[in-house]
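This report concerns only the one structure given below.
The values are calculated or read from the model by the stated rules, or taken from the named source; none is laboratory data. The structure displayed is predicted, hence computed values, not measured ones. Ideal geometry is used to build each Cβ from the backbone, glycine not excepted, and the neighbour counts take in all protein chains shown.
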C-alpha cells in the first residue's frame, strides 16, 4: 500500500494543531471567562470517546474507511470556516465539540488503514509512521500560530488576523481532503479481515505506545482509548484490582485531573497578562518540544531507576511549576516574563513525558499478566474522565484568580505524588522498562501539543 496519503493527512494535521489553541484564544477575544474555557476543554476531551467507538465499529468494514477519512477532513474544513462567523460563545463551544468529535473519531480508522495489506511484523512501524506525519503537522500548526501575528497583520490587519487564520486552517484541511481523495488507497473488500487476534495485536501496540506531539497537552488520545478499551471486561478488571493498583489509580486520577485543571484556563490568564496570540502559541510549542525531547530519555530512565521515585519526583516538579506559572504570568509581557513562562512550560513538557512513559510502565508493573489489557484500558479511560473533570474544575477555580486555580492544580498533582510513593509494590529492583527509544517504531517526533 502506498503511503502518499500520509502527506495529505499531515497537511490536515496542521489545521488540527492550529485549531487546538486558536479556538480558546478566539472565545477569549469574544469575552469568554475561565468557566467557558473550562467547558470548552472538557467537551473537547470527552466527545472523542463516543466518536472513536462509532467510527471504529464502522471501520471494521473496509468499504467505509476512505469515506470516513474524507468526511473528517471536509467536516474539519467546514467547522473551521464557520467558527470566525460565529460570535456567540456557547455556539463556538458547540462547533468546537463537533470539530474534535471528527478529529478524535477518525483515529481508529487511520490505524486500520495503515495496517491493511501489511504483515503483523510491520504494523508497529506503519503506526509509528502515521504518528510522525500527524505529529509534524500538529507542530506545524503551532508554528504557524506563532508566526501569524506578523503575517496576519500584513494580510488583514490586527483586528481580522484571527478570523483569517481560521480560514487559512480551513483551506489547509480542504486541501488535505482533496489530496486524500486522490491518494487514499482503495483496498479490496477482503484486503483486511479483522480477527480477534489481529485486533488484540493492534490494541496492544496503540494502547502502550508513547504519544506524539498531540499527547503533550491532551491527557488521552481517543485512538488509544478505543483500542485500549475494545475488549475491556469490568468484572475481570474488578477481580484483579489489588490495593497497590487501586492506590495508583487514585494517584493517577489526582495528577491527571490537576494537570487538566491547569491547562484549561491558561489561555485566558496569558491573554489577560498581555501576551499576544503569537507568544501564547510559542509557549505551547515550547511545552510540546519539552515533551518530545524526553520521550526516549524517559524510557531509559524508567529502565534504570525505581519507578516510584522517578514518577513522584516528576510529579513534585510539576506540582511546583503550576503555581510558579501564576507568578510568571503576573510579571507581564516583558522579556523576563516571557522567558520565565517559557522555562516553566518547558519543564512541564519534560515532566509530562515522564508521566506518560513511566505511567505506562507502572501500570504494566502492577497489573497481573492475565489482566494487563483490561488494566491498560481502564487507565486510558481514566485519563479521558480526568481530562473532562479537570477542565471544568480548572475553569471554576480560575474565577477566583490564577493563584487559586494553579495552586489547586499543583496540590492535586502533589497529592498524586504522595500516593505514588505509598505504592510500595513499586519499590525494588524488579522493574518493567518503558519502551526504548525507537523513533520509527513509536512515532515520537524530534522537536515536537484541549488539556494536559
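To keep it simple, each residue is scored yes or no on (1) surrounded by fewer than 17 Cβ atoms within 10 Å (Cβ to Cβ); (2) part of a helix (DSSP H, G or I); (3) at pLDDT below 80.
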position: 308; (1), (2), (3): no, yes, no
position: 326; (1), (2), (3): no, yes, no
position: 348; (1), (2), (3): no, yes, no
position: 375; (1), (2), (3): no, yes, yes
position: 399; (1), (2), (3): yes, yes, no
position: 406; (1), (2), (3): no, yes, no
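Just to be sure before I move on: is residue 108 touching a helix residue (DSSP H, G or I) at 6+ places or on another chain (Cβ under 9 Å) and over 22 Å from residue 284 (Cα atoms) in the structure I sent? Yes, satisfied. Tell me yes or no: at least one residue of the stretch 134-142 is at pLDDT 90 or above and either buried (at least 22 other Cβ atoms within 10 Å of the Cβ) or not in a helix (DSSP H, G or I) (or both). There is at least one residue in the stretch 134-142 that is at pLDDT 90 or above and either buried (at least 22 other Cβ atoms within 10 Å of the Cβ) or not in a helix (DSSP H, G or I) (or both). Given the options 145, 128, name the one that is part of a helix (DSSP H, G or I), at pLDDT 75 or above and within 23 Å of the chain's Cα centre (by Cα). After ruling out the rest, the residue left standing is 145.
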